[in-house]
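Have a look at the structure below before the remarks.
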Amino acid sequence: MLAERILLLVPHPDDEVVGCAAAIGRAVAEGGRVFVFYLTNGVPARTVLWPWQRASHPGRVARRWREAVAAAARLGLAEAARQDIPTRTLKAHLRQASDTLRRLVEELRPGAVWAPAYEGGHQDHDVANFLASLVRRAVPVWEFSEYNYAGGRVRSHEFPAAAGTERVLALDPAEAARKRALLGLYASERANLRHVGCRREVFRPLVRYDYTRPPHAGPLFYQRFQWVPRHPRVDHCRPVEVCRAIAEFAIPDAA
């Protein structure tokens, strides 16, 4: 899991803190370098916002990147690449993202790639997991759980189903306090981070998923409030749309 060079796939600026702040700290403490690839800017597209919010869209994006830079400095991360595309759109940019990922693996030669789990926490997390699977033949890939809704309850840092290969990192008081402080740097996301726990982080070698099927039975985390019509904070994506985008991308070596 730890390596001299680690490439971290971050679907949105804040996932590096939510999923693996303590793990990053331990890797850096052991002399490792952690490079981050931001897959989106974390902000919904301008057209998704309420009409009266749309003029502020550039400012929202700029603020999120400032928060990301501040968190990276605190964590000791090195930015490898960023895609300035809206949240919830990664599935429409698979070619661009996969090309950049392959280039980074070739140039940086990491000893490990870290990526969010395929767990239905967010559609971009699931797409990021698929992207990581594309390079598993070239480099060991480790996935980390952030949050999901398996079994009809919110789970923080717990995979929907155990594989028996999990590594649980119990955060000591200093690590927990540091993680809370890092979460605080993302003030723009405060309302969306209330469910994030600071007691543990969990990793495992990437399991072989069937990306043509949703991550688990029942509603996914991002579907919990889809009964609310046309709200910018609600992702109305259907899991089948994510599965279809992945299937249509059809990279021969995706297995």
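Quick note: the coordinates plus some simple rules give every number you see, no bench work behind them. Not measured: the values here are computed from a predicted model. FYI the Cβ positions are ideal-geometry reconstructions off the backbone, even for glycines, and counts take in every protein chain you see.
Observations, loosely collected:
- Only Lys, Arg (+1) and Asp, Glu (-1) charged, at Cβ; region 120-255 dipole about Cα centre in debye: 380
- Look at Arg88, Arg244, Arg200 and count the other Cβ atoms within 10 Å of each Cβ; fewest to most, that gives Arg244, Arg200, Arg88.
- Selected from Glu30, Glu107, Glu146 as most flexible by GNM, with the chain as the system and alpha-carbon contacts under 10 Å: Glu107
- Counting DSSP beta bridges with both ends in the chain, the antiparallel % (nearest 5): 35
- Springs join every pair of Cα atoms under 10 Å in this Gaussian network model of the chain, and among Val36, Val17, Val240 the largest mean-square fluctuation is at Val240.
- Value of [θ]222 nm, deg cm²/dmol, for the chain, DSSP H segments ≥ 4, -39500 (n - 2.57) each, nearest 500: -10500 deg cm²/dmol
- Taking amide H as placed 1.01 Å from N in the peptide plane, the amide H of Leu169 sits under 5 Å from that of Glu201, Val202, Phe203, each at least 5 places away or on another chain.
- Top positive-direction residue, dipole computed over region 5-249 with Cβ charges, set Ala247, Leu183, Tyr38: Leu183
- Projecting the Cα positions of Ser98, Pro110, His57 onto the charge dipole of the chain (unit charges on Cβ atoms of Lys, Arg, Asp and Glu, taken about the Cα centre) puts His57 furthest along the positive direction.
- Using only side-chain charges placed at the Cβ, +1 for Lys and Arg and -1 for Asp and Glu, the dipole size of region 5-249 relative to its Cα centre rounds to 420 debye.
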